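See structure below.
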Amino acid sequence: MSVGHIVLLGDSVFDNQSYVPPGRATRDALQARLPDGWRVTLLAQDGSTIDEVTRQLLEVPPDATQLVVSTGGNDALSEGGLLSERVGSVGEALWKLAQIAERFERRYRAMVRRLRARRLPTTVCTIYQGNFDPSLQSITGVALAVFNDAIIRAAWAARLPILDLRVVCSDPEDYTNQIEPSARGSARLADAIADVVLQPGSRDPPQPFR
């Protein structure tokens, strides 16, 4: 197998060094799971949003062979005030959520177009559900489903592989706080990413839009 160079884009799902012991971050765990000669470059930054992935793309090394992006969680968190708003009906709450999701999807699709412009195999991650108090966990999961639906539609339309982090990081032990991956979470993320990037055909160029 020829060597590869994986570039991680996005937010603290990948850039979680400050939340775990040294050498236990997502980037470190992924590097340890790849064959000899493969490299991992971390361009993701803690706190970044969908729009900032565009800037990260400017720093992609010329020898990169695959991109993996996890973004959108901070954008969704910035809309968290909606959960405490008073509304007159469930329908009104859903309408407000739909308006937010529509704006989110437009920005996410624009980001996907910029990813595809690099003409590198690219994997897109959904937003995991975090580790909130039980009363908030179910509400958060329902709200995030709207954003994840937008991510899945955008990735599917662009024929990009999707890695569903809701399944990968599904236990409280996968988090070091409410939203950051723990060392165990990093290991599970690394296993899932390695499974995708090492699949036969994973380094083929992206397919045309539908």
* Any idea what the relative contact order of the chain is, in percent, if you count C-alpha pairs under 8 Å spaced at least 6 apart? -> 25 percent
* Most exposed first by the Cβ proxy, i.e. fewest other Cβ within 10 Å, how do 125, 169 rank? -> 169, 125
* Structure fact -> Applying the gyration tensor rule to the Cα atoms of the range 88-198 (axes a ≥ b ≥ c; rounded if a/c under 1.5, else prolate if a/b exceeds b/c, else oblate), the class is oblate
* Asked: Based on the alpha-carbon gyration tensor of the range 145-187 and its eigenvalue square roots a ≥ b ≥ c, which shape applies: rounded if a/c is under 1.5, prolate if not and a/b is larger than b/c, or oblate?
  -> prolate
* Structure fact -> Hydrodynamic calc, the range 5-197: Kirkwood Rh from Cα pairs, then Stokes-Einstein at 20 °C with viscosity 1.002 mPa s, so D in µm² s⁻¹ is 126 µm²/s
* Compute the acute angle (0 to 90°) between the alpha-carbon long axis of helix 134-157 and the principal axis of greatest extent of the alpha-carbon atoms of the chain; round to the nearest 10°. => 50 degrees
* Structure fact -> Over the Cα atoms of the range 30-69 the radius of gyration and the largest Cα-Cα distance (Dmax), both in Å, equal 11.6, 34
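Bear in mind that the values in this text are calculations on the coordinates, not laboratory data. Only a predicted model underlies this, so the values are computations on that prediction, with no experimental measurement involved. In this analysis, Cβ positions are derived from the backbone assuming ideal geometry, glycine residues included, and neighbour counts consider all displayed protein chains.
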